[in-house]
Amino acid sequence: MNATEVLERIYGAWLGKLIGIRLGAPIEGWTHEQIMRTYGAIDGYVVDYGHFSADDDANGPLYLSRILLEHPDGYVSAEQMGDHLLDVTCDHLGFFWWGGTEAAAYDNLKAGLQAPASGSIAVNGPVAAQQIGGQIFSDCWGYVSMGDVKRAMRWAARMASVTHDGLALDGARFIAACIALAWHEKSMPTIIRQAARAIGPGPYRDMVLDVSAMWRTDRDPEVTLAAILDKYGYQRYQGACPLLPNAAIVVYGLLYGRGSFDATMRLIAQAGYDTDCNLGNAGSIAGMAYGLAAISPRWITPYNDLLVASGSVGAANLAPISASARMMAAMACRLNRIPVTDGWADMTGFKADFSLPYATNGFAGSPAAGRQIGVAADAGRLKAVIGKGLAGQVGQIERPCLLKPDDIYDDRYQPQFTSPLTAGTTVFFQTANPDRLPIEMTAYVRGYDGIEHLGLSRDGGLCSVTVPADVCEPVAAVGLKVRFIQEVRHGVFFVSAVHADRRAHAVFDFTRWPMEQRGSRRAIAGMIAHRGVSYVDGTGLHLDQGMVSFGPSDIRYDQLVWRLTWHPAIDAVLAWGVTGSRHLVGLRIHGTDVMAYQQTDGRLEQRMLGSLQPQAGQLTLRIDFTRRRVMAACGRLSAWPAALANRPGALAAVNLNSHPLTVAECRMVRR
């Protein structure tokens with residue numbers, strides 16, 4: 001099996017997972033009777049979301065699997081997985097539902113209790129530790145296993161042990177085993193039987209065998225569902241979201257689906273309980289077993305290849321689904337020593353790859369009358385289809401760089417975004433107009449304030465736009481304007497490549513930075529609030545024992561210049577190379593002392609660089625990566641440890657104590 005084949009299999013399973021989540025989200029927690037009375041037979045999405053918001057069921061596989069980027073050999077302990085969980089989450093914001101088991105385990109980890117004790121029955125009790133959460137995030141281990149059942153179960157149980165214990169670990173093993181088996185086996189009864197055997201004896205396996213026996217005895221799904229709801233219903237278990245009732249519904253739907261992705265989705269959706277979790281797990285298994293070709297476009301196209309997430313890496317919180325599948329495929333290939341294309345593992349940079357089916361990379365057309373343009377992935381290109389364009393009208397194809405609060409339907413999982421573009425970055429579109437349509441294409445970017453900035457116009461070929469210095473950060477969107485010189489009906493043009501020159505010369509002026517209302521909370525637009533209190537106003541960025549990250553993750557620059565308010569009690573870190581809540585490098589300003597500061601998971605390294613003698617008021621620090629020195633108006637620090645090297649990642653400001661920190665601006669300087 002080559003890398004492309006691995007990618008296609010993981011892509012089908014990952015899409016199956018996301019389809020299930022989107023289908024189940026609006027009926028999560030409903031009973032079978034409520035669903036049937038309201039919707040009857042379900043044969044498609046019951047809510048048209050537009051941009052489907054972040055969901056914990058997708059956050060888990062997307063972010064938890066990223067630990068294999070740091071451990072490409074696959075040898076990862078439960079303790080390391082616990083450290084990774086702290087890195088990919090923000091403090092009680094986003095990622096999880098913070099009212100349950102995961103929140104308790106997170107607090108245990110923060111307090112220094114390492115995994116697996118953090119999720120154990122001994123610490124959290126038998127009810128909380130054995131809820132559904134250990135099962136719902138385990139799909140990714142089946143994806144990257146490429147059929148190695150024992151390895152998939154081992155990874156799944158270790159990660160689940162960070163937050164759960166007991167039966168919950170069997171649930172994680174079972175889902176991972178089913179997906180691993182589905183790499184090479186298409187018969188769902190065989191997959192379920194072998195997965196039950198693999199997890200070993202216990203109440204979970206007993207339930208799987210019991211539901212399988214019901215299926216063999218009675219071919220009427222309604223009769224079997226009634227028996228399951230009686231024997232394994234919520235009324236027989238404690239906790240907000242008990243494991244066995246939902247796991248029984250997953251097994252039921254997979255068996256009665258009889259090899260059909262559609263039927264599997266319909267049966268599990270109609271059954272009720274934790275529908276998004278159940279459909280997500282079943283969608284992964286069915287997607288891997290039956291393949292992408294078995295999934296109807298009507299399930300896939302509403303996503304428009306764009307996944308909204310809510311972890312600690314802003315650039316990963318709004319990225320193409322195809323890019324996240326490519327990242328997981330890169331992990332699987334490396335683990336199995338299969339050659340893989342460079343760049344697959346990076347899903348945080350701004351680029352577009354249209355090679356997979358449905359891989360629009362989040363670009364969408366303009367549906368308005370007189371300038372109708374639709375888009376679709378077509379043989380490695382983005383195909384733009386003009387329905388009707390009237391002379392003088394202007395249509396567009398556009399990809400969002402972040403989403404504003406009104407762009408998504410709710411804030412349950414509190415998504416946060418950073419823009420992949422900033423001032424000085426140039427975006428290139430390679431276009432083709434084979435039919436020589438009377439159109440003119442112009443690349444553009446849109447600032448957060450809605451003002452558009454245009455590049456040079458072309459009738460085809462290479463179009464580009466450079467983000468100007470006066471753009472209102474953060475950059476909100478990028479695309480192509482299409483002006484119809486004459487009326488066009490039923491025409492096509494193509495975009496074969498989109499990429500960005502990663503150099504930048506940007507000024508992040510926090511005195512002009514926007515705030516926004518996300519649900520019940522005020523948030524800084526285009527920043528990740530990792531912890532503490534943060535806000536911006538006319539004097540700058542303010543932090544109270546907090547951390548925020550901002551800016552693109554893969555920009556090249558020669559210098560960073562920070563301007564902040566200094567006071568004798570200051571204890572702050574000005575950071576770069578930020579790839580999570582606990583992965584960063586930077587300068588620590590502690591009173592008059594300046595230290596090199598490097599944090600990797602729970603490990604912290606510091607080295608004294610020297611002292612400054614600033615006066616109370618403004619302090620400007622210039623970090624010169626080419627000359628390897630740190631300069632300030634009140635002194636120069638000559639020491640330069642290797643840890644201070646410029647590396648990919650976002651920028652961050654961190655306040656380590658309770659005295660307020662104010663940062664006026666940060667500048668990226670390119671020579």
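The values are calculated or read from the model by the stated rules, or taken from the named source; none is laboratory data. The structure displayed is predicted, hence computed values, not measured ones. Methodologically, a virtual Cβ is constructed for each residue, glycine included, from the backbone with ideal geometry; neighbour enumeration extends over all protein chains shown. Accessible surface areas use protein heavy atoms only, side chains included; no ligands, DNA or RNA. Shrake-Rupley method; radii C 1.70, N 1.55, O 1.52, S 1.80 Å.
Applying 0.36 nm per residue to the separation of Y535 and L454 and subtracting their alpha-carbon distance, the gain on full extension is 26.1 nm. Its Cα centre serving as origin, the chain has a Cβ charge dipole (Lys and Arg +1, Asp and Glu -1) of approximately 1440 debye. Under a cut-off of 28 Å between alpha-carbon atoms, report the lysines in cross-link reach of K17, not counting same-chain residues fewer than 8 places apart. In chain and number order, the partners are K150, K186, K231, K351, K383, K404. With angles folded into 0 to 90 degrees, how steeply does helix 261-271 sit against the dominant principal axis of the chain? Use alpha carbons for both and round to 10. Computed tilt is about 80 degrees.
Computed about its Cα centre, the charge dipole of the range 556-671 is approximately 480 debye, with only Lys, Arg, Asp and Glu carrying charge at their Cβ. Run the Debye formula on the Cα coordinates of the range 211-290, all scatterers equal and no solvent, and tell me log10 I(q)/I(0) at q = 0.15, 0.19, 0.20, 0.23 1/Å. Ignoring solvent entirely, the Cα scatterers give -0.46, -0.74, -0.81, -1.05. The trypsin sites (Lys or Arg not before Pro) of the range 198-282 that DSSP puts in a loop, and whose beta carbon has at most 15 other beta carbons within 10 Å, are R219, R258. Considering only I136, L560, L169, and ranking their Cα positions along the charge dipole of the chain that arises from unit charges at the beta-carbon of Lys, Arg, Asp and Glu, the one farthest toward the positive end is L560. For the set K150, K388, solvent exposure ranked by accessible area (probe 1.4 Å, protein chains only) runs largest to smallest as K150, K388.
Taking the helices alone, the chain has a mean residue ellipticity at 222 nm of -9000 deg cm²/dmol, built from -39,500 (n - 2.57) per DSSP H run of at least 4 residues and averaged over all its residues.
Here the range 390-536 exposes an accessible surface that is 48 percent carbon and sulfur, computed with a 1.4 Å probe and the other protein chains kept in place. Rolling a 1.4 angstrom probe over the protein heavy atoms with all chains in place gives the range 1-109 an accessible area of 33 Å² per residue.
Normalising by the residue count of the range 300-395, find the relative contact order in percent from Cα pairs under 8 Å and 6+ residues apart. List each step's numbers first, then the result.
Values: 156 pairs, mean separation 21.8, N = 96.
Rounded, it is 23 percent for the range 300-395.
Loop-resident trypsin sites (Lys or Arg not before Pro) (DSSP state other than H, G, I, E or B) in the range 298-375 with no more than 12 further Cβ atoms inside 10 Å of their Cβ: R337.
Relative to the dominant Cα principal axis of the chain, helix 78-88 is inclined by about 60°.
Return a whole-number percent for the relative contact order of the chain, with Cα pairs under 8 Å and 6 or more residues apart as the contact set.
Averaging sequence separation for qualifying contacts and normalising by length gives 13 percent for the chain.
The separation of the range 52-95 from the range 458-508, counted between C-alpha centres, amounts to 34 Å. The Cα trace of the chain gives Rg and Dmax of 25.6, 83 Å, the first to one decimal, the second as a whole number. What chymotrypsin sites (Phe, Trp or Tyr not before Pro) in the range 377-429 are in a loop by DSSP, with at most 16 other Cβ atoms within 10 Å of the Cβ? Hits after loop and neighbour filter: Y409.
Per-residue extension of 0.36 nm, minus the Cα-Cα distance of K383 and M631, leaves a gain of 84.3 nm for this segment. Rounded to the nearest 10 degrees, the inclination of helix 167-182 to the longest alpha-carbon principal axis of the chain is 90 degrees. A protection proxy built from the mean count of other Cβ atoms within 10 Å ranks the segments 269-276, 657-664, most packed first, as 269-276, 657-664. Each of D435 and T511 was given a label point 7 Å from its Cα along the Cα-to-Cβ line. The distance between the two points is 5.3 nm. First select every other residue whose beta carbon is under 13 angstrom from the beta carbon of M608; then total the charges, Lys and Arg +1, Asp and Glu -1. Net of charged neighbours comes to 0. Counting only protein heavy atoms and using a 1.4 Å probe, the accessible area of H184 comes to about 130 Å². Summing Lys and Arg as +1 and Asp and Glu as -1 over all other residues whose Cβ lies under 12 Å from the Cβ of Q131 gives a net charge of -3. Cα convex hull, the range 103-262: 109 Å³ per residue, rounded to a whole number. Could you tell me what percent of the accessible area of the range 130-270 is made up of carbon and sulfur, with a 1.4 Å probe and every protein chain present? Accessible surface attributable to carbon and sulfur in the range 130-270 totals 51 percent. Classify the range 254-385 as rounded, prolate or oblate, taking a ≥ b ≥ c as the square roots of the eigenvalues of its Cα gyration tensor: rounded when a/c is under 1.5, otherwise prolate if a/b is larger than b/c and oblate if not. Oblate, because a/c is 1.5 or more while a/b does not exceed b/c. Within the shell of other residues whose beta carbon sits under 12 angstrom from the beta carbon of G147, the net charge comes to +1, with Lys and Arg scored +1 and Asp and Glu -1.
Just report the Cα centroid separation between the range 400-422 and the range 424-441, whole Å. One Cα centre to the other: 27 Å.
For the range 108-131 and the range 274-301, what is the separation of their C-alpha centers, rounded to whole Å? For the range 108-131 versus the range 274-301, the Cα centre distance is 31 Å. The residue list A227, T275, V585 was ranked by how far each Cα lies along the charge dipole of the chain toward its positive end, using unit charges on Cβ atoms, and V585 comes out on top.
Positive end of the dipole of the range 1-111 (Cβ unit charges, origin at the Cα centre): among G99, V47, A78, the Cα lying farthest that way belongs to V47.
Per-residue packing, averaged as other Cβ atoms within 10 Å, sorts the ranges 284-297, 480-493 into the order 284-297, 480-493, beginning with the highest. In this structure the range 461-590 gives 34 Å² per residue of accessible area when probed at 1.4 Å with all protein chains present.
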